[in-house]
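Here's the structure we're looking at; comments come further down.
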Amino acid sequence: MTKKNKAVTCAAIDMGSNSTEILVAHCAPDHLDVVKDESTMTRLGDSVKGTGEIAPDKRDEA
């Protein structure tokens, strides 16, 4: 494998109002090897409607 084709480890995090998702993978030009793919319901947006801010306990949880 040449240096140009060497896989690198990449991550993507998606934090939405209801869930947080993470994907970690070894990325190469011709393939993707998933190391971790996880999703959890964090419900960050629950408190925003009433206060306009994410509640401290939800921030800590995320």
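The values are calculated or read from the model by the stated rules, or taken from the named source; none is laboratory data. None of these values were measured; they are calculated from a predicted model. Note: ideal-geometry Cβ built from the backbone for every residue, glycine included; neighbour counts use all protein chains shown.
Observations on the structure shown:
- Region 35-53 - residue that is more than 12 Å from Thr20 (Cβ to Cβ) and surrounded by 10 or more Cβ atoms within 10 Å (Cβ to Cβ) and, of those, modelled with the lowest pLDDT: Ser47
- All positions within region 27-62 that are closer than 23 Å to Thr9 by Cβ and more than 15 Å from the chain's Cα centre (by Cα): Cys27, Ala28, Pro29, Asp30, His31, Leu32, Asp33
- Pick from region 7-34, criterion part of a strand (DSSP E or B), free of Cβ contacts under 8 Å to residues at least 40 places away in the same chain and of a type in the set (Ser, Thr, Tyr), ranking: surrounded by the most Cβ atoms within 10 Å (Cβ to Cβ): Ser19
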